[in-house]
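All remarks here apply to the structure that follows.
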Amino acid sequence: MSVEVRLPTLLRPHAGGAASVTAEGATVGDVFHGLIDRYPGLAGNLVDDAGQLHKFVNVYRNDDDIRYLDQLDTKVADGDVISVLPAVAGG
Amino acid sequence: MPGPDTEFTDPVLVLSGAQYRTIVAHCYDGLPDEACGLLAGPVGADGEPTGAVTAVYPCTNADASARTYTVDSRDLIRAMRDAESRQEDLVAVFHSHTHSDAYPSDTDVRQAMEPHWLYVLVSLRHAEPVLRTYRIRDGRVAECEVVVADS
């Protein structure tokens, strides 16, 4: 499946400044692993050491938060838009 | 209040009276927890907000805590798409400090992930609310002026 991944400001330098990249995969996890292979600077920002979605990142498949779907196992279809947004948080 | 020799950094945040009241009311409504929300407005070619605000989005604090906040992820995407529909961006997050001053905490500074945004703090510790605005970049805090236009 070929999808568009939209990156937040903070991660764009790791992808050569791109706000949006095309990627392949059957699931969001596949897509992210492919992206990390291509842009090693993204490692640790999308997926944590345990292979789970990073705590401080929100990921949406076409505006649905994947935490309410199948997390990184969420299947993707051709033309899906995966949006990555940092968590907006503080104290 | 900042004195005449206090240096503010760009931009000036401009709120209408109605926007100010919406923000403050949402903060009081959230008690005893911290409340949070987002602001949208125009950005320049450099990605920097102009300081104008076209929409206020009161959001759910997913932490439901008096000490921390996290903007609910569904509120975040909804607000972002709404701003994009007007060729605008999210430009700020506001949140309340229930018992401390309107200044970014260490947690606020550590978790500020948007270098282009304004960070609006509303303190509810005194009889009257205090709203102040900051840039948080590279771990450093710089205050921005806030103007509340007459409504």
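Where Rh is the Kirkwood radius over the Cα pairs of the protein assembly as shown, the temperature 25 °C and the viscosity 0.890 mPa s, what D in µm²/s does Stokes-Einstein return? Here the translational diffusion coefficient equals 131 µm²/s. Bridge orientation summary for chain B: considering DSSP beta bridges with both residues in this region, about 70 percent are antiparallel.
Quick one: compute the contact order of chain A, relative version, from alpha carbon pairs under 8 angstrom and 6+ residues apart, as a percent. Don't jump to the answer; show the numbers that get you there.
On the way: 153 pairs, mean separation 33.8, N = 91.
Over chain A, the number comes to 37 percent.
The range A:41-69 and the range B:66-92 have Cα centres separated by 17 Å.
Both numbers refer to the Cα atoms of chain A; Rg and Dmax are 11.9, 39 Å. Threshold 10 Å², probe 1.4 Å: give the residues of the range A:1-31, in number order, that are less accessible with all protein chains present than with their chain alone. So the qualifying set is A:Arg6, A:Thr9, A:Leu10. Between A:Asp73 and B:Arg78, the distance separating the two model label sites (each 7 Å from Cα on the Cα→Cβ line) works out to 2.8 nm.
Measuring only protein heavy atoms, the 1.4 Å probe finds A:His14 accessible over about 80 Å².
Helical runs (DSSP H, four residues minimum) scored at -39500 (n - 2.57) apiece and divided by the length of chain B put the mean residue ellipticity at 222 nm at -6000 deg cm²/dmol.
Among A:Met1, B:Met80, B:Met113, what's the order by accessible area (1.4 angstrom probe), most exposed first?
A:Met1, B:Met113, B:Met80
Considering only the other residues whose Cβ falls under 14 Å of the Cβ of A:Asp37, what net charge follows from Lys and Arg at +1 and Asp and Glu at -1? Local charge sum for A:Asp37: -1. The listed residues A:Glu4, A:Glu24 rank as A:Glu24, A:Glu4 when sorted by accessible area, largest first, using a 1.4 Å probe.
The values are calculated or read from the model by the stated rules, or taken from the named source; none is laboratory data. Predicted model, so just to flag it, every value in this text is computed and none were measured. In this analysis, Cβ positions are derived from the backbone assuming ideal geometry, glycine residues included, and neighbour counts consider all displayed protein chains. All accessible areas refer to the heavy atoms of the entire protein, side chains included, with ligands and DNA or RNA removed. Shrake-Rupley method; radii C 1.70, N 1.55, O 1.52, S 1.80 Å.
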